Amino acid sequence: MQVDWQPDCSIEHLRLRAQTLANIRRFFANRSVIEVETPLLGQSIGTDPQLEFFTTQYFLPPSQQNLFLQTSPEFAMKRLLAAGSGSIYQICKSFRNGEVGRFHNPEFTMLEWYRVGFDLRQLMDEIADLIGKLFAGKLSGDTESLSYQEVFLRFTGLDALDFHYENYCAYSMANNLPEAVSICGYDHATWLDFLFSHKVQPHLGAHNLSMVYGYPACQSSLARVNKYDARVVERVELFINGIELGNGYYELLNADEQSQRFDNEIAIRQQKNLPSVNKDWRLISALESGLPDCSGVAIGIDRLLMLLSNSSSIKEVLSFSVSRA
Amino acid sequence: MAIYSTNEFKAGLKVMLDNDPCAIIENEFVKPGKGQAFNRVKIRNLKTGRVIERTFKSGESLEGADVVDVEMQYLYNDGSFRHFMVLDTFEQYQTDEKVVGDAGRWLKDQDMCTVTLWNDAPLAVTPANFVELSIVETDPGVRGDTSGGGGKPAKLDTGAVVRVPLFVQQGELIKVDTRTGEYVSRVKE
């Protein structure tokens, strides 16, 4: 029997990963952002209904407890920020159950960082600096920043902030996506996910970094609402060559609002018969004690390496993808 | 019939879509970091041969289609139907020209081919990649010309017309690639 013991990636790509991680660490060392580690195995987990997590059993006889593999290090890092860590970054594994494909592996490497005192615009400038350093001239185009509404309108002719069911249906029928009607129904957020990933994202970041900011409020996650326009939130997504590379927020500081959003997500989980989770009270308490004004972003290192090496599958940059882990 | 979830979709899987049997060509998992997961699937309708793209919500499922490819010998054309036989079992199948389609111009009595069956009825016929057919009609070429440049049309015993080099003569047996419809070589009898 042929046993597939060999790595998925080439030795050259192992070197590229090592070099890229070294470059990232140098970048943050030069800016006095400190590297931290937080637990991969935690007692609580995010409530986001779109993220499936891994659950594992912790035995300490006679007691037994469920622990979760983190879908991102966000909550723990925010607790460090609330405790006065100052600006921090982390390079760690994150885990998302059921996600596998050309751009997904259930276990992947994430770079996440938080800048105390930065608003979204300042963070976007820093992201552009880091991407510029890592790609070192490999991107021919200039970095562009576009609002979600602007970019959605450009490629679909639809207003992302103003949901008109009939317009969205008419667009999908006229663009050979009739299945969108039954998949999305009257759910604005699902419509946005569908149309953005099919019709907008493929055009973003052709040989350049494209940053889309000002997400519709129904896709707020942990971002704060825009001061001047409650229809949008202070969230940014990064794209290069049509690949989603990262997601950042001007972080929500309000503990009550955060708690409320968790409750909403828990309710959605119940409606959809998804595994139930408890909200992370330690995060809520940290927010109550005071999270400094900050912005943070997470970037998928494996996808970054795919782009740096022109790989068409995430397997080409992983030592061992889940199929042979 | 089995039910397949989007996680099980892979190239070659035969499923029912819009009441037609289809073959999956490609399945891509698409998921915004903070959003709904989809599977974008490229799929061939086995009745029409048309390739379409269709998106599913991850976790949706489709019914499997009872579609199999069977090696058969082409027997003859009775004027309205073509007849095929499975050599091992002597089981015979007949189809009309609509199902045979383009494959008809490469089918010679006694040759082997692939017949795709859906619920045990012929759905499509695929000729062998290479067939040997004789030339029944072509202009006399220039003797001594072996360059092959340009070529000329030649009508084959199945009715197909292919371009052949000028030196190839009427009555000769030639090898043709049925996927491209191109002349490959002469065959020594």
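The values are calculated or read from the model by the stated rules, or taken from the named source; none is laboratory data. Remember, it's a predicted structure, so these values are computed and weren't measured experimentally. Neighbour counts run over all protein chains shown; Cβ positions are idealised from the backbone, glycine included. Side chains included, ligands, DNA and RNA excluded: accessible areas come from the protein's heavy atoms. Shrake-Rupley method; radii C 1.70, N 1.55, O 1.52, S 1.80 Å.
Tabulated values for the structure
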| item | result |
| --- | --- |
| The range A:24-64 versus the range A:265-307: alpha-carbon centroid distance in Å | 11 |
| Cα Rg over Rh - the range B:21-161, Kirkwood | 1.15 |
| Reference-scaled alpha-carbon Rg (2.2 N^0.38 Å with N residues) for the range A:1-137 | 1.25 |
| Gaussian network model of chain B, Cα within-10 Å springs - most flexible of B:Val70, B:Val30, B:Val131 | B:Val30 |
| Lysines whose Cα lies under 17 Å from that of B:Lys152, excluding same-chain neighbours fewer than 8 positions away | B:Lys175 |
| Computed over the range A:124-261, Kirkwood Rh from alpha-carbon pairs, angstrom | 16.0 |
| Candidates A:Ile131, A:Ile268, A:Ile183, ranked by Gaussian network fluctuation over chain A, Cα under 10 Å, top entry | A:Ile183 |
| Average other protein chain Cβ within 10 Å of Cβ, residues A:34-47 | 0 |
| Pairs of alpha carbons in the range A:33-113 whose separation is greater than 17 Å (percent) | 52 |
| Share antiparallel - DSSP beta bridges, the protein assembly as shown, percent rounded to 5 | 95 |
| All-pairs alpha carbon distance profile, the range A:242-317, 5 Å steps from 0, percent | 3, 13, 15, 13, 13, 14, 13, 11, 4, 0 |
| Top of A:Ser44, A:Ser285, A:Ser182 by mean-square fluctuation, Gaussian network on chain A, Cα under 10 Å | A:Ser182 |
| Per-residue [θ]222 nm for chain A (sum of -39500 (n - 2.57) over DSSP H runs n ≥ 4, rounded to 500) | -10500 deg cm²/dmol |
| Cα pair distances of the protein assembly as shown binned at 20 Å [whole percent] | 18, 41, 26, 13, 2 |
| Chain lengthening between B:Lys42 and B:Asp111 when straightened (0.36 nm per residue, less Cα-Cα) | 21.6 nm |
| Efficiency of FRET between B:Met85 and B:Gln169 - r from beta-carbon atoms, R0 51 angstrom, step 0.05 | 0.90 |
| At most 11 other Cβ within 10 Å, DSSP loop - GluC sites (Glu not before Pro), the range A:135-226 | none |
| Mean projection area, nm², convex hull over Cα of the range B:86-126 | 3.0 |
| Where a label projected 7 Å from the Cα of B:Asp20 along Cα→Cβ would reach, residues of the range B:33-73 with amide N under 13 Å | B:43-54 |
| Entries in B:Lys34/B:Lys57; B:Lys10/B:Lys42; B:Lys14/B:Lys57; A:Lys78/B:Lys34; A:Lys78/B:Lys31; A:Lys93/A:Lys315 that, when Cα-Cα distance is taken, lie over 22 Å | A:Lys78/B:Lys31 |
| Residue-averaged beta-carbon neighbours from other chains (10 angstrom radius) around A:97-108 | 3 |
| Peptide B:22-35 - average C-beta neighbours from other chains (10 Å radius) | 6 |
| Helix-only mean residue ellipticity at 222 nm for chain B, each DSSP H run of n ≥ 4 adding -39500 (n - 2.57), per residue, nearest 500 | -500 deg cm²/dmol |
| Whole-number D in µm² s⁻¹ for the range B:1-87, Kirkwood Cα-pair radius fed into Stokes-Einstein, 25 °C, 0.890 mPa s | 166 |
| Loss of accessible area when A meets B, both sides summed, Å² nearest 100, probe 1.4 Å | 1800 |
| Carbon + sulfur, % of accessible area of the protein assembly as shown - ligands and nucleic acids excluded, 1.4 Å | 49 |
| Protection proxy ranking, peptides A:7-20, B:113-126, average beta carbon neighbours within 10 Å, highest first | B:113-126, A:7-20 |
